[in-house]
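The values are calculated or read from the model by the stated rules, or taken from the named source; none is laboratory data. Worth saying up front: this structure is predicted, and the values here are computed from it rather than measured. Reconstructed Cβ throughout: ideal geometry from the backbone, glycine too, with neighbour counts over all protein chains shown. To get the accessible areas, we keep the full protein, side chains included, count just its heavy atoms, and leave off ligands, DNA and RNA. Shrake-Rupley method; radii C 1.70, N 1.55, O 1.52, S 1.80 Å.
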There are 2 protein chains.
Amino acid sequence: MTTNRKAEIICVGTELLLGQIVNTNAAWLARELSLLGIHSYYQTVVGDNPGRLADCIRQAIGRSDIILLTGGLGPTQDDITMAVASSVAGLPLKLHEPSRAAIADYFQRIGRFQVTSNNWKQAMLPDPCIVMPNSNGTAPGAILETRQGDRTVHLVLLPGPPSEMTVMFRDQAAPWLQAQTTARLRHVFVHMIGIGESAAETALSDLIERQSPTLAPYASEGEVVFRITQAVASDDEPDTTQAMLDEVKRRVGQHIYEVGMRTMPEVVRDLLIAKNQTVSYAESCTGGLATGQLTDFPGASRVLKGSLVAYANGIKQELLNVPVELLEREGAVSEACAARMAEGCRRLFSTDWAVAITGIAGPDGGSDDKPIGTVWLAVSGPDGTVTQQLRQGGNRARIRKVSALKAHDLLRQQLVK
Amino acid sequence: MTTNRKAEIICVGTELLLGQIVNTNAAWLARELSLLGIHSYYQTVVGDNPGRLADCIRQAIGRSDIILLTGGLGPTQDDITMAVASSVAGLPLKLHEPSRAAIADYFQRIGRFQVTSNNWKQAMLPDPCIVMPNSNGTAPGAILETRQGDRTVHLVLLPGPPSEMTVMFRDQAAPWLQAQTTARLRHVFVHMIGIGESAAETALSDLIERQSPTLAPYASEGEVVFRITQAVASDDEPDTTQAMLDEVKRRVGQHIYEVGMRTMPEVVRDLLIAKNQTVSYAESCTGGLATGQLTDFPGASRVLKGSLVAYANGIKQELLNVPVELLEREGAVSEACAARMAEGCRRLFSTDWAVAITGIAGPDGGSDDKPIGTVWLAVSGPDGTVTQQLRQGGNRARIRKVSALKAHDLLRQQLVK
């Protein structure tokens, strides 16, 4: 097999074409291909229309070697991908007995006994093909082989629902794809905060120009991530990513909060677990968002005792003991109020740490003195209270999101001290 | 102009091709086209490569009449869309003086005085074209006209950043597109809860088969939305959507929570504002998510006094006065605990209403008796406390999201009584 097989992605579904759902599958698959070292040059969305789908597949066969298709493997009349792909590849459909049995088994497991004849359609697979059983649904996937001139072209058919597609890809398609190429990539992801992407690029510019391992910015919402990638011919080849990582750390180490795949709330959770300490949050403008981010991940219950969304000033007074004179004198969006909120929160929940967030997220409530985007953070802990002011641009959603992220980070900074 | 111009969408950018960002632009534009009554049959993503981009544009010109392109209008060397589209359309680039002045003005406004020569590239526009000034950035958009056989084909070039693209499309491209077609559509969106999509389709099946106005399911995450659409030749034509809406209401009215575009938290907020009442939340498994949803929208401060994330049982006891015997006897995920949480929350925050959510979101913590997905909701108000049990499938994220939605809905039901 050659190492330079070109890939592309075709997503099938009228609901995508009408914009009723966002095409997260294409981005997810593109990212996985890139991590496997396989280049992809096109993504296409086409509806449940046999003629147009066949045209798209033919075009892709003409210009790419591996074509990933998602969607249209279900039981309804609109689900045509398997039939159209088989027809374009010149392969007949044939009942695949293990898939038929798996479908029967699936329905028995979920307690549905009326299986319509449509469901058996999903066991009609191209002959020959590599069948990929579906551990999360009824539609099996398939890998078909066809020829285009002197090239071998593979069609990799995956289901549309992301929960089925991602598992089938990782467990079955990815190992097959990896076997198609001699390229192996080692990746290290470096997550930074408190530095902009362009400032990081400037600090690392000569490293970014190096060839192996490569260092490249990796777009990620609300944070700066760089990816170190080493291409190796075999797993025995010495790892050069570590030397690059050390150099990156030497230059921008104070901004690195994670080498790996964890998000900021997961890093904070793990630091607290390691110290066997607890946390609580007092949120004003973020209105529960910071706590919601922490509880997005399992294991939050080991460190989070609770949080107070103190939206009204009365709540800040009564439950967090922020003095009314302080609120009148300095306002709720002030360093002193943030500090008192964090301290009151720490007492209220009896936690080792407490994080407070108070600010103006907009669209109303700004002033010359405290424009929209002004946010005060405070973290109260065993050694006292630290505060931080943010002044951010962007809309309400962005201000809230970045405030929550920076609040987690302020706690993280205390935890790694 | 004919009424049946076919459209397609091309999104340009290597970051899309690498899966570094999800292509929300394609879904957004597809939805807008559909609301304008314009059919689109393909979406393509291609990288910042002149040859491949030109191929994609040529192919689109061969099969569509209106081609929307996003991305690649910026100042860098990788931004090639304007130049490639002009070249394919056979139009020269020429300095567009008002755009040059707008760019200079933009930089002055944001206080940046070092404008690189690249920035002026963005004022080089096809001649002739319709220029669409960019109110949120420096890159103007453009509408180019070219011929394909006896067809007139238009290329509509929009910037890639969604904040720039959506405003330019709504303010400038959409009115132009509307003028391209004699079709006018009247839309009414009907949001339902407490009924599955297939049950709703069954109840409305004969209406769905009618031709004008049409009734169709409108995919929307976590809720059921139907769209009533009337095609009219002029604005004077009588409105028939209301009669259809009345019939939909007659059949499934008890499930309709919104006729329009508001989300569930916005509906709840507006009901509370109208009654001049306040609310607080006591969240366990949702960990701040329900409050976070309410505070996503401006105006939440008029109705929300605060919320307690009572993650640890100790917090439920101490701050919400849930008796320790009750927790020991029935567990935190129980009807009695939910009711006590809501009542304790209402007292703690002195609000008219309080909403409590306690459940098992997984991936751990389930039992035979209380499997993952078991959630108890309670709403305490002036007339007492109501409770509701949920048993949901899906993963942690889905269980949390649906629990928050249903909790808002339980409050809504009390508010409309």
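Taking B:L377 as the residue in question, decide whether it is surrounded by fewer than 24 Cβ atoms within 10 Å (Cβ to Cβ) and of a type in the set (A, V, I, L, M). So B:L377 fails the test.
Is at least one residue of region B:240-253 loosely packed, with under 15 Cβ neighbours inside 10 Å and either in contact (Cβ under 8 Å) with a residue 60 or more places away in the chain or in the same structural domain as B:R31 (by TED's automatic domain parsing) (or both)? No - not one qualifying residue is present in region B:240-253. In summary, B:A282 fulfils each of the numbered conditions (1) more than 30 Å from B:Y311 (Cβ to Cβ); (2) in a strand (DSSP E or B); (3) hydrophobic (A, V, I, L, M, F, W, C); (4) in contact with a Leu (Cβ under 7 Å, 6 or more places away or on another chain) with the single exception of condition (1).
On inspection, A:I57 fails the criterion of being without any contact (Cβ under 8 Å) to a residue 12 or more places away in the chain, out of contact with any Lys or Arg (no Cβ under 8 Å at 6 or more places or on another chain) and either away from every other protein chain (no Cβ under 12 Å) or not basic (K, R) (or both).
For region A:177-200, the set of residues classified as assigned to a helix (DSSP H, G or I), open to solvent by 40 Å² or more (accessible area, probe 1.4 Å) and modelled with pLDDT of 85 or more consists of A:Q178, A:A179, listed by residue number. Would you please name the residue that is least open to solvent (accessible area, probe 1.4 Å), looking only at residues in region B:45-104 that are of a type in the set (D, E, K, R) and in a loop (DSSP other than H, G, I, E, B)? Out of the qualifying residues, it is B:D65. Applying the condition of being outside any loop (DSSP other than H, G, I, E, B) and over 26 Å from B:D150 (Cα atoms) to region B:1-13 and asking which residue is farthest from the other protein chains (Cβ to nearest Cβ) yields B:V12. Residue count for region A:201-226 satisfying the condition of being modelled with pLDDT under 90 and either in contact with a Gly (Cβ under 6 Å, 6 or more places away or on another chain) or of a type in the set (D, E, K, R) (or both): 5.
Restricting region B:14-38 to residues that are at the interface with another protein chain (Cβ under 7 Å from one of its Cβ atoms) and open to solvent by 30 Å² or more (accessible area, probe 1.4 Å), the residue that is modelled with the lowest pLDDT is B:Q20. Put simply, of A:D352, A:D383, A:D364, A:D369 the only residue that is acidic (D, E) and surrounded by 18 or more Cβ atoms within 10 Å (Cβ to Cβ) is A:D352. Taking the criterion of being at the interface with chain A (Cβ under 7 Å from one of its Cβ atoms) and open to solvent by 40 Å² or more (accessible area, probe 1.4 Å), the only residue of region B:262-291 that qualifies is B:L289. Among the residues in region B:258-279, are any within 27 Å of A:T351 (Cα to Cα), in contact (Cβ under 8 Å) with a residue 40 or more places away in the chain and not hydrophobic (A, V, I, L, M, F, W, C)? No, region B:258-279 contains no residue that is within 27 Å of A:T351 (Cα to Cα), in contact (Cβ under 8 Å) with a residue 40 or more places away in the chain and not hydrophobic (A, V, I, L, M, F, W, C). Taken residue by residue, region A:204-227 has at least one member that is of a type in the set (A, V, I, L, M) and part of a helix (DSSP H, G or I). Note on region B:292-318: residues that are within 8 Å of chain A (Cβ to nearest Cβ), crowded, with 24+ Cβ neighbours inside 10 Å and within 16 Å of B:S380 (Cβ to Cβ) amount to 5.
Taking the stated definitions as given, is A:V232 surrounded by 14 or more Cβ atoms within 10 Å (Cβ to Cβ), on the phi < 0 side of the Ramachandran plot and either at pLDDT 95 or above or touching a helix residue (DSSP H, G or I) at 6+ places or on another chain (Cβ under 9 Å) (or both)? No. Taken as a whole, the structure places B:Y41 among residues that are within 12 Å of chain A (Cβ to nearest Cβ) and of a type in the set (S, T, Y).
Report yes if A:R396 is within 11 Å of another protein chain (Cβ to nearest Cβ), touching a residue at least 12 places away in the same chain (Cβ under 8 Å) and among the basic types (K, R), otherwise no. Judged against the criteria, A:R396 is a match.
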